Amino acid sequence: MSTTRNDALRARFEAVMMPTYGTPPIALERGEGCHVFDVDGNRYLDLIAGIAVSALGHNHPALVRAVAQQASRIAHTSNLFLHEPEVELAERLTALTGGQARVFLASSGTEATEAALKLVKRAVGAGRTYFVSTVNSFHGRSSGALALTGKDAIREPFGPFGMDVRFAPYGDVAALREAVDDSCAAVFVEPTQGEAGVVTPPDSYLREVRAVCDATGAAFVLDEIQSGIGRTGHWFAYQAADATPDVLTLAKGLGGGLPIGACLGMGRYATAFAKGDHGSTFGGNPVAAAAALAVLDTIESQGLLPHVTEVGTALADGIAAVDHPLLAGSRGAGLWRALALTSECAADVQTVAARHGFLVNAVTPDTIRLAPPLTITREQVGEFTLALPKILDLAAEDTPKGPMP
Ligand SMILES: *Cc1c(COP(=O)(O)O)cnc(C)c1O
């Protein structure tokens, strides 16, 4: 068998990259709409969108135009100078959250979490000495965000962090009430735990978090880095839950593939930072901000929020119609869904799916995560649900091992 270009690139990757990600199975070269192509020319329907990032799919003309135009005007200013794209983006985000927020722009999710952490410390004062997060949560990999991350295996080797963080079981209101008192600075929570496997809480959970924070004076920090910007069929997941946070973090889908993050403070959290309190050389970079504006424009002009709800329902229905011993069911909202498997064969399902032209993500040993571009069509989703029984059959049968494809 001749060596594929995928194999050759994987070998080069292994020789020079730190092994933090293992060696990914497929080397992607380009994308078009909801499809991506690897370096050997194989085509895949992209059902993960770079982990809920490529909201408009690939090579979307609005995003390409915005990025090219901005790069040709001015690609970087630093924060010694301001520029219109960052101002307009902050105006738009503020309007989407009700008009009262103030925005700090960063370049990634973990930086949005760090900004939220410092903002809260400024706002609540020294008497509030600890933070509450949730078991299995994910808030980022930099030290402050990692301290708040409830996955022991990725956090514990890098502590101590010099922060008192207490972890309550996710979705458990009684445990939250128990954990939060009036010396708690903030509660950090996701509206649905993405990295844990698209784990949804009880319907009333965010309202209960709001109530606990109101009762104790702790800040309610909502991490919508994965759920925000249309993923659930709403601009923000909290809008469906009818509970407004004090601090909101965004990243992933916001830039449609360009690196950008945002931390929004509401109420007294809008004005808690003073000059010199925080900063980032690249945060709110003109090109990234222009990309984010193109994402927001396109979601609006193409009616993508109702589209996400409609196609998301079709996806959920299509999965529900599959009767297979490996499939326990699915959960999620909009175009953000997990297939719950009856055994720890998610890696095999991911491999077989790729062989059949579908990119999905084995987010846990027994969970497949789907987070396709928001532009995916009903027909494309139907192609996947049609192929799903066969993929599950093959995953159950030959549990293929080794590199892809
Ligand atoms: C991805 C993610 C982060 C971290 O974002 P990075 O851009 O990888 O730093 C934080 N919180 C949640 C909920 C995420 O999904």
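The values are calculated or read from the model by the stated rules, or taken from the named source; none is laboratory data. The structure displayed is predicted, hence computed values, not measured ones. Positions of Cβ are generated from backbone atoms using ideal geometry, with glycine treated the same way; all protein chains shown enter the neighbour counts. Please note that ligands, DNA and RNA were not included when accessible areas were found on the heavy atoms of the full protein model with its side chains. Shrake-Rupley method; radii C 1.70, N 1.55, O 1.52, S 1.80 Å.
Evaluate the following for Thr113: is it in contact with a His (Cβ under 7 Å, 6 or more places away or on another chain), modelled with pLDDT of 95 or more, within 16 Å of the ligand (Cβ to nearest atom) and at negative phi?
Considered against the rule, which asks whether it is in contact with a His (Cβ under 7 Å, 6 or more places away or on another chain), modelled with pLDDT of 95 or more, within 16 Å of the ligand (Cβ to nearest atom) and at negative phi, Thr113 comes out as yes.
One residue stands out in segment 46-61 among those that are away from the ligand (no atom under 16 Å from the Cβ) and open to solvent by less than 20 Å² (accessible area, probe 1.4 Å): the one that is farthest from Gly233 (Cα to Cα), namely Asp46. Every test in (1) in contact (Cβ under 8 Å) with a residue 24 or more places away in the chain; (2) farther than 30 Å from Glu379 by Cα; (3) assigned to a loop (DSSP other than H, G, I, E, B) is passed by Met18 save one, and that test is (1).
Just one of the listed residues (Ala338, Ala262, Ala243, Ala288) is within 16 Å of the ligand (Cβ to nearest atom), under 30 Å from Val212 (Cβ atoms) and in contact with a Phe, Trp or Tyr (Cβ under 9 Å, 6 or more places away or on another chain), and it is Ala262. Applying the condition of being open to solvent by 40 Å² or more (accessible area, probe 1.4 Å) and at pLDDT 95 or above to segment 100-110 and asking which residue is nearest to the ligand (Cβ to nearest atom) yields Phe104.
For the subset of segment 164-181 comprising residues that are buried (at least 16 other Cβ atoms within 10 Å of the Cβ) and of a type in the set (A, V, I, L, M), which member is farthest from Ala262 (Cα to Cα)? Per the criteria, the residue is Ala175. Residues in segment 116-159 that are more than 12 Å from the ligand (Cβ to nearest atom), open to solvent by less than 50 Å² (accessible area, probe 1.4 Å) and either of a type in the set (Phe, Trp, Tyr) or not assigned by TED's automatic domain parsing to the domain that holds Pro191 (or both): Tyr130, Phe131.
To keep it simple, each residue is scored yes or no on (1) more than 24 Å from the chain's Cα centre (by Cα); (2) open to solvent by 60 Å² or more (accessible area, probe 1.4 Å).
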residue: Thr4; (1), (2): yes, no
residue: Asp7; (1), (2): yes, no
residue: Val16; (1), (2): yes, yes
residue: Thr20; (1), (2): no, yes
residue: Ala27; (1), (2): no, no
residue: Arg30; (1), (2): no, yes
residue: Phe37; (1), (2): no, no
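Just so you know, in segment 211-240 the residues that are among the polar types (S, T, N, Q) and surrounded by fewer than 22 Cβ atoms within 10 Å (Cβ to Cβ) include one that is nearest to the ligand (Cβ to nearest atom), and it is Gln239.
Name every residue in segment 281-307 that is under 13 Å from Leu105 (Cα atoms), surrounded by 18 or more Cβ atoms within 10 Å (Cβ to Cβ) and of a type in the set (S, T, N, Q), in order of residue number. Answer for segment 281-307, where residues must be under 13 Å from Leu105 (Cα atoms), surrounded by 18 or more Cβ atoms within 10 Å (Cβ to Cβ) and of a type in the set (S, T, N, Q): just Asn285. Could you go through segment 83-92 and let me know if any residue there is within 16 Å of the ligand (Cβ to nearest atom) and either open to solvent by 20 Å² or more (accessible area, probe 1.4 Å) or in contact (Cβ under 8 Å) with a residue 24 or more places away in the chain (or both). There is no residue in segment 83-92 that is within 16 Å of the ligand (Cβ to nearest atom) and either open to solvent by 20 Å² or more (accessible area, probe 1.4 Å) or in contact (Cβ under 8 Å) with a residue 24 or more places away in the chain (or both). When you check Thr97 against the structure, is it among the hydroxyl-bearing types (Ser, Thr, Tyr) and either exposed (fewer than 15 other Cβ atoms within 10 Å of the Cβ) or at positive phi (or both), yes or no? So Thr97 does not fit the description; no.
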